[in-house]
Structures are given as C-alpha cells and as structure tokens.
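What follows is a set of notes on a single structure, which appears directly below.
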Amino acid sequence: MKVTKSYAEGVGTRPSFTFSPNDIAADHLGNLLVAVPNDNAIHLLDKNLTFKKLLMTEEDGLRGPTSVALDTEGYLYVGCKNNHIHVVNYQYFLSTNRLTRLKNDMKQF
C-alpha cells in the first residue's frame, strides 16, 4: 500500500505525542472529522488533510472522544469514553468557534 497523504498533529505541550486518532468521518464536502481521545477533541481537516480547526474540545464537554459520525440531517454524533454521546448541529460547530458558542450560551441565562 502506498501512502499518498498523511497528517500528524495534536494539541498541548507535546502535540506529536498526543495525536492518536480513534475514528474518522467525512462530510459532504470531503472534510474529515477525526476523533482524538488524547486531545479530548475532534480535529477538522480539509480533503487535502490540512488542519482547519479543532471542531469540538473538552470545553464543549468532550472526554476522550472515541467515535464520530454524521447523519444526512446535519447532526454530528460523538461517542466518548465517559459513556456520553454528544449530538450537535454540525453546521453550527462548523461555522462558529468556542468563544462564539460561549457567548451564545451566556445569552440563554
């Protein structure tokens, strides 16, 4: 098998040691969503395996994400090691950052 592209990233003080993908899903545009338990994050990559952003993190409630899936209605499902399944609107997370989501959460109170 010939490797045509690769991606090896992570977050934290020693990123190359924390990146250990557990599951991958693709959206309709070819973006890849990578569940990385050690980072407590979902990495978003474009179709060329270029890092775009951390789509979800521990700040969004993730604790060791081990599985990721998208449905045809636009929902993102993330299964975590702590027996939680997060179901979120994929477009909302795709089009916002954590600061925007935090501000929106604060408006609800």
Tell me, yes or no, whether the stretch 67-81 has at least one residue that is among the basic types (Lys, Arg) and either under 20 Å from Tyr7 (Cβ atoms) or without any contact (Cβ under 8 Å) to a residue 12 or more places away in the chain (or both). no
With respect to the numbered conditions (1) more than 17 Å from Ser6 (Cβ to Cβ); (2) modelled with pLDDT of 90 or more; (3) exposed (fewer than 13 other Cβ atoms within 10 Å of the Cβ), which one is the sole condition not fulfilled by Met106? (2)
Scanning the stretch 32-52 for residues that are among the acidic types (Asp, Glu) and loosely packed, with under 14 Cβ neighbours inside 10 Å gives Asp46
Positions within the stretch 22-41 being at pLDDT below 95 and in contact with a Phe, Trp or Tyr (Cβ under 9 Å, 6 or more places away or on another chain), in sequence order: Val36, Asn38, Asp39
Of the residues in the stretch 42-79, how many are in contact with a Phe, Trp or Tyr (Cβ under 7 Å, 6 or more places away or on another chain), among the small types (Gly, Ala, Ser) and closer than 19 Å to Arg101 by Cβ? 1
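The values are calculated or read from the model by the stated rules, or taken from the named source; none is laboratory data. Note that the structure is predicted; figures quoted are calculated from it, not measured. Note: ideal-geometry Cβ built from the backbone for every residue, glycine included; neighbour counts use all protein chains shown.
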